[in-house]
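Read the structure below first, then the notes.
The values are calculated or read from the model by the stated rules, or taken from the named source; none is laboratory data. It should be emphasised that the depicted structure is a prediction, and the values quoted were computed from it without experimental measurement. When we count neighbours, we look across all protein chains shown, and the Cβ atoms used for this are built from the backbone with ideal geometry, even at glycine.
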Amino acid sequence: MSRFGSDPLAFFSAVYNDVPPWEIGAPQPAMAALLGKYPPTGPVLDIGCGSGDLAIYLAQQGQQVVGIDFVESAITTARNKIASLPATTAHLLDFQIADALRPSLLQQKFGAVVDSGFYHLFASDQCDQLTDEVAATLLPKGRYYLHEFAIEFSVPNMPRQIEAAELQARFTAERGWHIKEIQSVEFLSRVAPPVPATCACIERLH
């Protein structure tokens, strides 16, 4: 059983019947700042891209971006947003319905993987799998950018707490990773005050 019931797809599809609370109409500021400090090398993969705001932001910076999510309505919304973009930006975007826990199924290598509120949805063992998948997807020296909750809520259907210690234990040199920086930041919402969050830029060694 996941943190979101026996059918996570049904849960998240229902959330996307309205505008989800984490959709703020722009990239999360902390993630945008992290990407500015450590500019990604393309192409970029946005895992759990939702309705595409972060992917669109990256395309506006000139990056070729693939965004994947398993919620069909989220991808439909993301694709609809492309229509209002300049052609020079629109042609850099590709949104696909796909399992973001298994990006290797895309059979494409990326210079960067961005993860704004995806990793924190899963239990530790699933994050082991996700980490292996990201490693298999990145080009040598490719970077994984994370922005996750750093607080645990005592209510159901919420992300889990991701602290620096967990990332330091999982993304080790022995496993082929180099942590460039871990930051204590905030995660914004449309419906509640900002919550404590963890941002990280982690580089693949080979």
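Here are the numbers for this structure:
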| read-out | value |
| --- | --- |
| Residue in the range 119-126 that is within 20 Å of Leu54 (Cα to Cα), in contact with a Pro (Cβ under 8 Å, 6 or more places away or on another chain) and without any contact (Cβ under 8 Å) to a residue 60 or more places away in the chain present | yes |
| Unique match (being in contact with a strand residue (DSSP E or B) (Cβ under 7 Å, 6 or more places away or on another chain), surrounded by fewer than 24 Cβ atoms within 10 Å (Cβ to Cβ), polar (S, T, N, Q) and not in a loop (DSSP other than H, G, I, E, B)) among Gln96, Gln63 | Gln96 |
| Test: Val134 is part of a helix (DSSP H, G or I), under 12 Å from the mean Cα position of the chain (by Cα) and crowded, with 19+ Cβ neighbours inside 10 Å | yes |
| Residue tally, condition within 15 Å of the chain's Cα centre (by Cα), at pLDDT below 95, over 16 Å from Thr76 (Cα atoms) and not aromatic (Phe, Trp, Tyr), over the range 1-56 | 2 |
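For every residue, the table says whether it meets (1) at pLDDT 95 or above; (2) surrounded by 14 or more Cβ atoms within 10 Å (Cβ to Cβ); (3) not hydroxyl-bearing (Ser, Thr, Tyr).
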{"site": "Phe118", "(1), (2), (3)": "no, yes, yes"}
{"site": "Glu148", "(1), (2), (3)": "yes, yes, yes"}
{"site": "Pro156", "(1), (2), (3)": "no, no, yes"}
{"site": "Ala164", "(1), (2), (3)": "yes, yes, yes"}
{"site": "Thr172", "(1), (2), (3)": "yes, no, no"}
{"site": "Ile182", "(1), (2), (3)": "yes, yes, yes"}
{"site": "Pro194", "(1), (2), (3)": "no, no, yes"}
